[in-house]
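For reference, the structure discussed in these notes is given below.
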Amino acid sequence: MTTGISRSQRITLALVCAVAVSTIYAIQPVLEKAGGDLGLAAGSLGWLVAAGQIGYFAGLVLLVPLGDVLNRRRLIGAQLMLTGVGALAVALAPTTVVALIGLAIAGVFAVVVQVTVAYAAAVSAPEERGRTIGAVTSGVVLGILGVRILAGVLGDTIGWRAVYAVLALLCLLLALTARIILEPDPRSAGVQFFRALGSMARLVRTDRLFLSRGLIAFFLFAAFGTLWSGLALPLGAAPWHFGSTAIGLFGFAGLAGALGASRAGRWADSGRAQAISGWSLALLAVSWLLIAQSEPTLWFLIAGIVLLDFAVQAVHVSSQHLLTTAHPDHASTVIGAYMSFYSLGSALGALTTAWAYSTRGWWASCVIGALYSTCALAIWGLARWIQRSADRRVVSELACAAIFTPNASRGGGGGRDAQAGGILRRIPDSAEAGGRRDGCRVSGTGP
């Protein structure tokens, strides 16, 4: 039986997420410095970013389902240590090939983030699951944005390799801490690995909630990637000419927005996950009007960053709350499949923002970001409309049953009539008056 999770455990899980995901994004603020040190041509710098993302996608598909097969507490420790091995290989890499291999290894095992989220959902009491997921996944945003600040500062002072040495050490320490602090997670009867792997594909084909939330995540993180993969371009150019440390400090604005959305989990616990998603996605689209204003002052841009990261975190937490609640026995598989949409969306945003900026400037990148945000909002609206239509059909059928089912005196069962009658009382008058009875299937029920 699930008894809940302590504050220290929640903090540990958030730190696991922050450090693991940092190994993927730490290279971005120091990309030019790393490429120069490794002797990589300017046109090939993108491979340093792509190696981690490719490894991450592979880990999402191949490793995350292990969370539904093996003990998640042990899995978290093992994957953290292997993530640290990849980070250490990058820190010591004598050649580009070794650095690419290290980045790919770190990316593969950084999917410990998804295993951690599934663990948090499994050990949380149902009434606080959203709050716990919100706190744990805030570590993801903390890592993505915070490592930009750390890497920018270390890159300008000690050197770009220092950030990976620090991350390797933190992975080792957290692996030991997780082993000591975390409790074994409750497990259902054994799940076969290949069955868990195959269920990923079935989710896309058969689960409407998963598909809609996956597509929302795809466009949500395409917008996120558009901002954070392209922000250094206008800030490093005229009139600002900022260095990597100054650009990294903009991560504080993103942190403020993401941490401001920490209550999204509590709102989801109260049954408002869908509503939170809707207005947060609308806020995401509006934020681009501010982000596009990078001159003559940066205050509008900073405000837009806060709004965007608030919206992204609120939607991300709400989606994971809905999915882990709907699939409590397969949380690792579901989260892994969901995050594959995240990975592909982030890659799309990174690619298109660089292309747009090189052709039309920052405003073009913002238009693309706003387009991705609008697509996510449209998918949410369509999914809500489909769900409400399905709910109305169910209520209509139950209403018909209440009207045409024999009463208790004729052997029909008073309990069922009372239940259907209660549902009828909740149907709007306009729905009853609109002739919904015409769609009733009354054959064999009797008058």
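Overview of results
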read-out: Between segment 260-321 and segment 125-156, the Cα center-to-center distance that results, in Å; value: 15
read-out: Derived scalar couplings ³J(HN,Hα) [segment 111-122; Karplus, 6.51 cos²θ - 1.76 cosθ + 1.60; whole Hz; x for Gly, Pro]; value: 5, 4, 4, 5, 5, 5, 4, 5, 4, 4, 5, 6
read-out: Within segment 327-362, backbone nitrogen closer than 17 Å to the virtual label 7 Å beyond the Cα of Val61 toward Cβ; value: 333-348
read-out: Segment 311-388: trypsin sites (Lys or Arg not before Pro) in DSSP loop, at most 16 other beta carbons within 10 Å; value: none
read-out: Segment 240-386 - charge dipole about Cα centre, Lys and Arg +1 at Cβ, Asp and Glu -1, debye rounded to 20; value: 180
read-out: Table column - 3J(HN,Hα) (Hz), segment 228-239, Karplus curve with 6.51, -1.76, 1.60, x for Gly and Pro; value: 7, 7, x, 4, 5, 5, x, 6, x, 9, 4, x
read-out: Assigned charges on the beta-carbon of Lys, Arg, Asp, Glu; segment 39-154 dipole about Cα centre (debye); value: 100
read-out: Estimated FRET transfer efficiency (Ser6, Ser270; beta-carbon r; R0 22 Å; 0.05); value: 0.50
read-out: Placed amide H near Asp185: partners under 5 Å, 5+ positions off or other chain; value: Arg72, Arg73
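Read-outs throughout are calculated quantities, based only on the coordinates presented, and are distinct from any laboratory measurement. What you are looking at is a predicted structure, and each value in this text was computed from that prediction instead of being measured. FYI the Cβ positions are ideal-geometry reconstructions off the backbone, even for glycines, and counts take in every protein chain you see.
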